[in-house]
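Q: Mind having a look at this structure? Questions to follow.
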Amino acid sequence: MTRINFVEVAFDSLRINRLRSALTMLGVIIGVAAVILLVSLGQGTKNYVEEQFAGLGSNILIVTPGKIETKGGPPIIGSARHKLTLNDSRILEKKGYLFAGVAPVVFGTAEVRYQNRSRNISVLGVTPAFQDVRNLHVEIGSFLGEADVESRRRVCVLGRTVKRELFGNANALGQTVKVAGTLFRVVGIMEKKGISLAIDIDDLVFVPVRTAQELFDIDGLFEILISVRNTNDLDSGKELATSLLKRAHNRNEDFTITNQAAILSSLYTILDTLTYVLGGIAAISLLVGGIGIMNIMLVTVKERTNEIGIRKAVGARNRDILLQFLFESTALATAGGIAGILAGVAGAWALKLLVPKLPVSIPAWSILLSFTFSAFVGVFFGVYPAKKAASLNPIEALRYE
Amino acid sequence: MRSEPPREPLLRLRGVTKLYEAGAGRVVGLSDVDLEIGAGEFVAVMGPSGSGKSTLMNILGCLDVPTSGTYEIKGTSVAGLSSDHLSELRNREIGFVFQVFHLLPRYTALRNVELPLIYAGVPREERARRALEELRAVGLEDRKGHLTNELSGGQKQRVAIARALVNKPSLLLADEPTGNLDTRSGEELMEILAGLNASGVTVVLVTHDPVLARRAHRTVYIVDGRLVSVERFREIRG
């Protein structure tokens, strides 16, 4: 016989007090929207970084000259006492049975000029192996060959941006450009690659590694990139490279080998943490929204004392009043949660449109979590006011004006 | 309409005393009240303000329980009932009409009349049907969709009567029902109460107006929490 429709009663009450209901929901709406938006932002940042490193491959070991005592990072530039040489690279290539490719790299900046146009560009001295190790390929013409390296030929391959800036739509292949005052013949144009690791791959000029050493007047290398055949062999590959290089360097470990994947994974951990922290901060605003609900519900109980008295006089039991008020707060929080999800998703989309570079994505767990949390907030912060309402004495409640 | 076995009154109060804890000491609300009201009776309760009228009304209406003494409705004692049981008892047995109407504002007249049925667990359609019936009985069928704060005082009190009667209670408790009405609406309301009583509803009317009390079958007088004779009442009032 006790089939009390407290749901109907609660909805009646919410409908009758539309403005108050809407304002109460606002706190939760903002909270949930903030959680979703900030988590999406964090996730977007991670996606961005992932995209940046994606071209690098997860099977790369980077050998840099110099050794630092603290672990976990590349050495500070200029701290190298012993150089990495092309000989080191050759040893790795010859004896590194785990390696798919070994690419010595020389790095410098030079003025590159064609006719009256000139730019200051990063110049990479590389070998043919560089193509496969870094997964960068030539689109027009050919890449640098073994012979180009051995004979220190003055040939170069241009990145897309460099080509456009210097040549416009004209054909660049076979033309000569001046790199740091020396004439180089253009043998190839790289395919469009975009930005990776904050370096615009398209804005580079590639020359044979020995030519670069000559050009910049250095005999060492900037780094040696090693691609390992099998991702599982990254650790053993690192050991192999270490022992090979130590032997070549009179047992001195005067170089550093960085496992790119390891650094990436710790970076991702940091970014994940960032996402959680952002979400947590937003969750605080959701909590504040919940307290707002409690606040309004408490005021409501006071304001509706007479109503509670009337309901009790005509037969509402404590439980009926409790459930009505509890359901009101839960409905407010849940509706606010849904509206907040819509607002948050809309906000994330807007952000995506405004900042196309940031690949904002909304993780499903953030939606689920913020919704569950808002519903929980409604129940949790609704209990106290509802209990207060239920425990009112009907006589006093009727007398209250 | 409601058949009670003879000799068994609808309501029976025996030595009912109600004390209130108030600050320093106790305030006597009711003192040793004996009262029986039979089914179908129309009883007026008269007394000056502060005499214990409201306390008596609260106890009769199961809004409150006596400190000592017994109160029985249809032979069942209310002593020791939980507040939820009292709610159920009010829902089933008692209809209230208050001086200040006590309708839910911003709810329609029909919704207000439905209220007791909601707590009786009556399904929606039946609820609406019975509420409409009751509104028709007080001549307000055409006002069912009006919000109660849009109604006149007389109309509000008729909605309140419809609400009081919708769950077919044993007792209609009216506390100064004409107190906030103009003379004409007051007259009309008393006609309705008299008519209801004629059709078998037990009515207890709490008032301080002797003219209204004259409409009842009998009048009980209350002074300082005690029932007194009419002579004693006149003496005190001077």
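Q: One residue is enough: does the stretch B:43-55 have a residue meeting the conditions crowded, with 16+ Cβ neighbours inside 10 Å, within 27 Å of B:Ser199 (Cα to Cα) and within 14 Å of chain A (Cβ to nearest Cβ)? Show your work before the answer.
A: Filtering the stretch B:43-55 down to residues crowded, with 16+ Cβ neighbours inside 10 Å leaves B:43-47, B:51-55.
Going one step further and asking which of them are within 27 Å of B:Ser199 (Cα to Cα), we end up with B:43-46, B:53-54.
After this cut, where a residue has to be within 14 Å of chain A (Cβ to nearest Cβ) as well, the list is B:53-54.
Checked the stretch B:43-55: at least one residue is crowded, with 16+ Cβ neighbours inside 10 Å, within 27 Å of B:Ser199 (Cα to Cα) and within 14 Å of chain A (Cβ to nearest Cβ).
Q: Go through the stretch B:45-77 and give me each residue that's free of Cβ contacts under 8 Å to residues at least 60 places away in the same chain and under 19 Å from B:Ser229 (Cα atoms).
A: Going through the stretch B:45-77, the residues free of Cβ contacts under 8 Å to residues at least 60 places away in the same chain turn out to be B:50, B:58-59, B:62-70, B:76-77.
Of everything in the stretch B:45-77, just one residue is free of Cβ contacts under 8 Å to residues at least 60 places away in the same chain and under 19 Å from B:Ser229 (Cα atoms), namely B:Gly50.
Q: Kindly establish whether B:Glu176 is over 23 Å from B:Arg129 (Cα atoms), free of Cβ contacts under 8 Å to residues at least 24 places away in the same chain and touching a Ser or Thr at 6+ places or on another chain (Cβ under 9 Å). Give the derivation first.
A: Details: over 23 Å from B:Arg129 (Cα atoms): yes; free of Cβ contacts under 8 Å to residues at least 24 places away in the same chain: no; touching a Ser or Thr at 6+ places or on another chain (Cβ under 9 Å): yes.
In short, no.
Q: Quick one: A:Pro75 ticks every box in (1) outside the structural domain of A:Phe130 (by TED's automatic domain parsing); (2) modelled with pLDDT of 80 or more except a single one, so which number is it?
A: Here A:Pro75 clears every test but (2).
Q: Now, a different point. Filter the stretch B:13-44 for residues that are among the basic types (Lys, Arg) and touching a residue at least 40 places away in the same chain (Cβ under 8 Å); which is nearest to B:Glu176 (Cα to Cα)?
A: Of the residues in the stretch B:13-44, the ones among the basic types (Lys, Arg) are B:14, B:18, B:26.
Now narrow it down to the ones that are touching a residue at least 40 places away in the same chain (Cβ under 8 Å): B:14, B:18.
Working: B:Arg14: 25, B:Lys18: 21 Å.
Checking each candidate, the answer is B:Lys18.
Q: Follow-up question, since we're still on this one. So which residues in the stretch B:62-96 are surrounded by 23 or more Cβ atoms within 10 Å (Cβ to Cβ) and among the small types (Gly, Ala, Ser), if there are any at all?
A: Result: B:Ser87, B:Gly95.
Q: Also, I was wondering about something else. So in the stretch B:78-95, with the set limited to residues that are part of a helix (DSSP H, G or I) and touching a residue at least 40 places away in the same chain (Cβ under 8 Å), which one is nearest to the other protein chains (Cβ to nearest Cβ)?
A: Quick first cut of the stretch B:78-95, residues part of a helix (DSSP H, G or I) only: B:83-93.
Filter once more, keeping what is touching a residue at least 40 places away in the same chain (Cβ under 8 Å): B:91-93.
Working: B:Asn91: 2, B:Arg92: 7, B:Glu93: 10 Å.
Looking at residues that are part of a helix (DSSP H, G or I) and touching a residue at least 40 places away in the same chain (Cβ under 8 Å), I get B:Asn91.
Q: Could you run through the stretch A:116-159 and say how many residues are over 20 Å from A:Thr85 (Cα atoms), under 28 Å from the mean Cα position of the chain (by Cα) and buried (at least 23 other Cβ atoms within 10 Å of the Cβ)?
A: So the answer is 1.
Q: Looking at A:Ala346, A:Ala333, which is the one that is more than 14 Å from every other protein chain (Cβ to nearest Cβ), at pLDDT 90 or above and surrounded by fewer than 19 Cβ atoms within 10 Å (Cβ to Cβ)? Steps first, please.
A: Numbers: A:Ala333 fails: surrounded by fewer than 19 Cβ atoms within 10 Å (Cβ to Cβ).
Criteria check complete, one pass: A:Ala346.
Q: Give the number of residues within the stretch B:96-121 that are more than 7 Å from chain A (Cβ to nearest Cβ), in a loop (DSSP other than H, G, I, E, B) and more than 17 Å from A:Leu398 (Cβ to Cβ).
A: 0
Q: Hey, another quick one. For B:Phe96, which of the numbered conditions (1) over 15 Å from B:Asp64 (Cβ atoms); (2) in contact with a strand residue (DSSP E or B) (Cβ under 8 Å, 6 or more places away or on another chain) fails to hold?
A: Of (1) over 15 Å from B:Asp64 (Cβ atoms); (2) in contact with a strand residue (DSSP E or B) (Cβ under 8 Å, 6 or more places away or on another chain), only one is false for B:Phe96: (1).
Q: A further question follows. Checking A:Val301 against (1) within 14 Å of chain B (Cβ to nearest Cβ); (2) assigned to a helix (DSSP H, G or I), which test does it fail?
A: The number of the failed condition is (1).
Q: Also: State all residues of the stretch B:156-168 that are in a loop (DSSP other than H, G, I, E, B), crowded, with 22+ Cβ neighbours inside 10 Å and not aliphatic (A, V, I, L, M); if no residue qualifies, say none. Step through it out loud before you land on a result.
A: Here is the first cut: in the stretch B:156-168, the ones in a loop (DSSP other than H, G, I, E, B) are B:166-168.
Applying the additional criterion that residues be crowded, with 22+ Cβ neighbours inside 10 Å yields B:166-167.
Matches in the stretch B:156-168: B:Asn167 only.
Q: Right, another one. Kindly provide the set of residues from the stretch A:229-260 that are small (Gly, Ala, Ser) and either assigned to a strand (DSSP E or B) or surrounded by 18 or more Cβ atoms within 10 Å (Cβ to Cβ) (or both), ordered by number. Give the derivation first.
A: From the stretch A:229-260, those small (Gly, Ala, Ser) are A:236-237, A:241, A:243, A:248; that's our starting set.
Residues satisfying the conditions are A:Gly237, A:Ala241, A:Ala248.
Q: It is to be established whether one or more residues within the stretch A:309-328 are away from chain B (no Cβ under 14 Å), free of Cβ contacts under 8 Å to residues at least 12 places away in the same chain and within 27 Å of A:Ile395 (Cα to Cα).
A: no
Q: Which residue is farthest from the other protein chains (Cβ to nearest Cβ), if the candidates are limited to the stretch B:128-143 and must be over 22 Å from the mean Cα position of the chain (by Cα) and under 26 Å from B:Glu93 (Cβ atoms)? Working first, answer last.
A: Taking the stretch B:128-143 first, the residues over 22 Å from the mean Cα position of the chain (by Cα) are B:128-129, B:141-143.
Then keep just the ones that are under 26 Å from B:Glu93 (Cβ atoms); that gives B:128-129.
On the way: B:Ala128: 12, B:Arg129: 16 Å.
The selected residue is B:Arg129.
Q: Of (1) assigned to a strand (DSSP E or B); (2) touching a Lys or Arg at 6+ places or on another chain (Cβ under 8 Å), A:Val157 satisfies all except one. Which?
A: Going through the list (1) assigned to a strand (DSSP E or B); (2) touching a Lys or Arg at 6+ places or on another chain (Cβ under 8 Å), A:Val157 breaks only (2).
Q: Quick one: in the stretch B:20-42, of everything that is under 15 Å from the mean Cα position of the chain (by Cα) and within 20 Å of B:Arg214 (Cβ to Cβ), which residue is nearest to the other protein chains (Cβ to nearest Cβ)?
A: Applying the filter and picking the extreme gives B:Ile37.
Q: Now a separate question. Hey, does the stretch A:263-280 have a residue that's buried (at least 17 other Cβ atoms within 10 Å of the Cβ), under 36 Å from the mean Cα position of the chain (by Cα) and not aliphatic (A, V, I, L, M)?
A: yes
Q: Now for a separate question. Among all residue pairs at least 6 apart or on different chains, which show Cβ distances below 7 Å where the first residue, located in the stretch A:4-30, is within 11 Å of another protein chain (Cβ to nearest Cβ) and more than 14 Å from A:Leu326 (Cα to Cα) and the second is in a loop (DSSP other than H, G, I, E, B) and at pLDDT 85 or above?
A: Pairs that qualify, where the first residue is within 11 Å of another protein chain (Cβ to nearest Cβ) and more than 14 Å from A:Leu326 (Cα to Cα) and the partner is in a loop (DSSP other than H, G, I, E, B) and at pLDDT 85 or above, are A:Ile4/B:Gly121; A:Ile16/B:Arg106; A:Ile16/B:Tyr107.
Q: Confirm whether A:Phe184 is of a type in the set (Phe, Trp, Tyr), assigned by TED's automatic domain parsing to the domain that holds A:Ile224 and part of a loop (DSSP other than H, G, I, E, B).
A: On the way: of a type in the set (Phe, Trp, Tyr): yes; assigned by TED's automatic domain parsing to the domain that holds A:Ile224: yes; part of a loop (DSSP other than H, G, I, E, B): no.
It is false that A:Phe184 is of a type in the set (Phe, Trp, Tyr), assigned by TED's automatic domain parsing to the domain that holds A:Ile224 and part of a loop (DSSP other than H, G, I, E, B).
Q: Do the conditions hold for A:Lys352, that is, is it in the same structural domain as A:Gly292 (by TED's automatic domain parsing) and in a loop (DSSP other than H, G, I, E, B)?
A: Working: in the same structural domain as A:Gly292 (by TED's automatic domain parsing): yes; in a loop (DSSP other than H, G, I, E, B): no.
Against the criterion (in the same structural domain as A:Gly292 (by TED's automatic domain parsing) and in a loop (DSSP other than H, G, I, E, B)), A:Lys352 does not qualify.
Q: Have a look at A:Gly382, A:Gly315, A:Gly309 and point out the one that is over 31 Å from the mean Cα position of the chain (by Cα), at positive phi and crowded, with 20+ Cβ neighbours inside 10 Å. Outline the logic, then answer.
A: Working: A:Gly382 fails: at positive phi; A:Gly309 fails: at positive phi.
Step by step, each of A:Gly382, A:Gly315, A:Gly309 is checked, and only A:Gly315 is over 31 Å from the mean Cα position of the chain (by Cα), at positive phi and crowded, with 20+ Cβ neighbours inside 10 Å.
The values are calculated or read from the model by the stated rules, or taken from the named source; none is laboratory data. Being a predicted model, the structure only gives us computed values, none of them experimental. When we count neighbours, we look across all protein chains shown, and the Cβ atoms used for this are built from the backbone with ideal geometry, even at glycine.
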